[in-house]
Amino acid sequence: MSYGDEGRGTALVLVHGFPLSRKAWGRQAGLPGCRVITPDLAGFGQSDARSGRVTMDQFADDVHALLVGFQSGPVILAGHSMGGYIALAFARKYPALLRGLVLVGTKAGPDTPEGAAGRRATADKVKAGGVGVVTAVMAPKMLAGGTGDPALVAAVLGMMAGATPEGVIGALLGMAERPDSTPWLATLTKPVLVVTGANDVLIPAAESEKLAAALPQATLRVIPEAGHLVAWEQPAAFNEALTGWVAGLAA
Ligand code: MLT
């Protein structure tokens, strides 16, 4: 597994979304007082793919193996979108390694049957036509308003550049069968920061509001003028929300 590891202080692990890479967290480098660890998930960025379908639990196992290698102790785990599905799986499987959770532009519910069928159909299209089938459609939707200017879309495509067909297909099939985490949320006793872009067209802000309402210890931040890729689009507001919340945990 390829990863970035920068800075010193509170261990903060940032898990990217689909079909991105750790480059999506490029504007979270150098957060004061934090050691920022950014894995590339299997089949994305510079990490090798796993074969076949990859469940959210398997992605969480990969993150866990990395952290065990670091002997970092409990971490703050942040997940963006699919990274949030993985963070929820990690929180369920490895609570002892978790200090707090940051859920960014994500949700707890599963795919609808139609949504899951759509993912399987997309996986078949990727098999036939390559990852461009997914990246070209998704890149503009990552940005506020869902359209984005060409330079911004090109930058987002750069974050998707390492995605392999195996990685994209494996993640699509894994997301299609992820469980409903909603009933479990009430049992999560760790502090959680929920962040969303106010103009997210992929996972609307209402999902984050629902998520925060279902969690016993959640803080919700809705960041204006940001879409799905809120941490990259509005780094000053995002980083302020994150570091302020982390400082509150340490106090
Ligand atoms: C992501 O950004 O990770 C995806 O939009 C998640 C999804 O497709 O459910």
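Per-structure values
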read-out: Residue check for Thr187: over 21 Å from Phe238 (Cα atoms), loosely packed, with under 13 Cβ neighbours inside 10 Å and among the polar types (S, T, N, Q); value: yes
read-out: Index of the failed condition, Ala117 passing every other in (1) open to solvent by less than 50 Å² (accessible area, probe 1.4 Å); (2) part of a helix (DSSP H, G or I); value: (1)
read-out: Residue selected from segment 120-151 under the condition open to solvent by 50 Å² or more (accessible area, probe 1.4 Å) and touching a residue at least 40 places away in the same chain (Cβ under 8 Å), by the criterion farthest from the ligand (Cβ to nearest atom); value: Lys127
read-out: Exclusive hit being under 20 Å from Lys23 (Cβ atoms) and not in a helix (DSSP H, G or I), set Ala163, Ala154, Ala136; value: Ala163
read-out: Residue list for segment 82-101, filter: outside any helix (DSSP H, G or I), in contact with a strand residue (DSSP E or B) (Cβ under 7 Å, 6 or more places away or on another chain) and open to solvent by 10 Å² or more (accessible area, probe 1.4 Å); value: Arg99
read-out: Any chance Leu193 is assigned to a helix (DSSP H, G or I), under 18 Å from the mean Cα position of the chain (by Cα) and not hydroxyl-bearing (Ser, Thr, Tyr); value: no
read-out: Residue check for Val104: β-branched (Val, Ile, Thr), surrounded by 24 or more Cβ atoms within 10 Å (Cβ to Cβ) and within 12 Å of the ligand (Cβ to nearest atom); value: yes
read-out: Cβ pairs under 8 Å, 6+ apart, first in segment 206-229 and hydroxyl-bearing (Ser, Thr, Tyr), second part of a loop (DSSP other than H, G, I, E, B) and away from the ligand (no atom under 16 Å from the Cβ); value: Thr219/Pro191
read-out: Candidates Leu31, Leu20, Leu77 - the one that is more than 13 Å from the chain's Cα centre (by Cα) and either modelled with pLDDT of 95 or more or away from the ligand (no atom under 16 Å from the Cβ) (or both); value: Leu31
read-out: Residue in segment 52-64 that is within 16 Å of the ligand (Cβ to nearest atom), among the polar types (S, T, N, Q) and closer than 16 Å to Val13 by Cα present; value: no
read-out: Single unsatisfied condition, Gly197 versus (1) over 23 Å from Lys93 (Cα atoms); (2) surrounded by fewer than 22 Cβ atoms within 10 Å (Cβ to Cβ); (3) not charged (D, E, K, R); value: (2)
read-out: Gly73 touching a residue at least 12 places away in the same chain (Cβ under 8 Å), open to solvent by 50 Å² or more (accessible area, probe 1.4 Å), at positive phi and not aromatic (Phe, Trp, Tyr); value: no
read-out: Qualifying residue in segment 222-242 (condition: under 15 Å from Gly100 (Cβ atoms) and touching a Gly at 6+ places or on another chain (Cβ under 9 Å)); value: no
read-out: Subset of segment 107-117 that is over 17 Å from Pro216 (Cα atoms) and among the charged types (D, E, K, R) - its residue that is farthest from the ligand (Cβ to nearest atom); value: Glu114
read-out: Unique residue being in contact with a strand residue (DSSP E or B) (Cβ under 9 Å, 6 or more places away or on another chain) and surrounded by 20 or more Cβ atoms within 10 Å (Cβ to Cβ) when the list is Glu233, Glu209, Glu225; value: Glu233
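The values are calculated or read from the model by the stated rules, or taken from the named source; none is laboratory data. Note that the structure is predicted; figures quoted are calculated from it, not measured. Virtual Cβ from ideal backbone geometry, glycine too; neighbours counted across all protein chains shown. Please note that ligands, DNA and RNA were not included when accessible areas were found on the heavy atoms of the full protein model with its side chains. Shrake-Rupley method; radii C 1.70, N 1.55, O 1.52, S 1.80 Å.
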